[in-house]
Amino acid sequence: MVDRVVRDLPAGTITELSQQHVRPFHLVKIKFEEGLYYVSEGPEITFETSVYLEGRCVLGQFEWTSDGQQSGTLVLLNEDNAASALALNNKVTGAEVTVYLVYEKTDGSFTTPEVYAKGVLDSPSIEPDQVVADIVTTGAGSMFYPNQVFSQFNGFNHLPVPGTIITWEGERYELEASD
C-alpha cells in the first residue's frame, strides 16, 4: 500500500501551505455558446485579463462515479436573479467549465491560479436562491490521484505484481503489496 504521494507544486502554493493561516478558494470559467462567464468563490480577482465576480459560486466536493469518471457540483448563487437568468438564457448542459484553485496570501495578494478540474456542466436545477449543476470532469484535466486500495480481499484477483510502476496524470506510482 502506498502511504505517501509525492507531488510537484508551484513555489507560490508551497509557500502559502506553510503559513499558519491559508485561504484557498476556486475560480470558475464557464464557456456558454453565447460567451464566457467568470465567477469566484472568494474575492473578486482578475486572471488572464478576465474579472471573476466575487462570491458568486460554491464548488462541491468531487467524487468518483461508478463508470470511472469524477463529478462534483457547482452552485451559482442567485444574487439579483443573475444565475437563474443565465441558466434560462443559455444552454447549461454541455457547457465547458474550468475550475482553478487559488490561495490568498497573507499580504492580500493571490497565488497564480492552477487548473483544478476541467469538464462540462450537466443536470442543472434552478432554485429561488441558487442554480445547481453537476460538473463531469473530462480526461486528465483534474488534480486528483487514486486513493483506493484494490486487493484480492475485495475481489481483484488479477492485479499487477508489487513493484510495477504506473504513470498517471504525469506522476509515477509504484504498486506495493498491502499488509
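The values are calculated or read from the model by the stated rules, or taken from the named source; none is laboratory data. A quick note: this is a predicted structure, and the numbers were derived from the prediction, not measured. Every residue, glycine among them, receives a Cβ derived from its backbone with ideal geometry; neighbour counts consider all protein chains shown.
Do we have VAL28 as more than 19 Å from the chain's Cα centre (by Cα) and either at pLDDT 85 or above or more than 21 Å from GLU171 (Cβ to Cβ) (or both) here? Spell out the reasoning first.
Working: more than 19 Å from the chain's Cα centre (by Cα): no; either at pLDDT 85 or above or more than 21 Å from GLU171 (Cβ to Cβ) (or both): yes.
Judged against the criteria, VAL28 is not a match.
I'm checking my understanding of the structure. Among residues of region 106-140 that are loosely packed, with under 15 Cβ neighbours inside 10 Å and modelled with pLDDT under 85, which one is farthest from the chain's Cα centre (by Cα)?
In this case the residue turns out to be ASP107.
What pairs come up if the first residue lies in region 89-100 and is in the same structural domain as VAL115 (by TED's automatic domain parsing) and outside any strand (DSSP E or B), the second is surrounded by fewer than 20 Cβ atoms within 10 Å (Cβ to Cβ) and β-branched (Val, Ile, Thr), and their beta carbons are under 7 Å apart, counting only those six or more places apart or on different chains?
GLY94/VAL120; ALA95/VAL120
Go through region 96-127 and count every residue that is of a type in the set (D, E, K, R) and within 24 Å of PRO43 (Cβ to Cβ).
Qualifying residue count for the region: 5.
Which of the residues that make up region 30-64 are part of a loop (DSSP other than H, G, I, E, B) and either outside the structural domain of LEU121 (by TED's automatic domain parsing) or in contact (Cβ under 8 Å) with a residue 40 or more places away in the chain (or both)? Walk me through how you get there before you give the answer.
Step one: of region 30-64, the residues part of a loop (DSSP other than H, G, I, E, B) are 33-34, 41-44, 48-49, 54-56, 60-62.
Answer for region 30-64, where residues must be part of a loop (DSSP other than H, G, I, E, B) and either outside the structural domain of LEU121 (by TED's automatic domain parsing) or in contact (Cβ under 8 Å) with a residue 40 or more places away in the chain (or both): GLU33, GLU34, GLY42, PRO43, PHE62.
Applying the selection to region 52-99, what residues are within 14 Å of PHE32 (Cβ to Cβ) and in contact with a strand residue (DSSP E or B) (Cβ under 6 Å, 6 or more places away or on another chain)?
First, the residues of region 52-99 that are within 14 Å of PHE32 (Cβ to Cβ): 74, 76, 82-83, 85-98.
LEU74, LEU76, ALA83, ALA87, ASN90, VAL92, THR93, GLY94, ALA95, GLU96, VAL97, THR98, listed by residue number.
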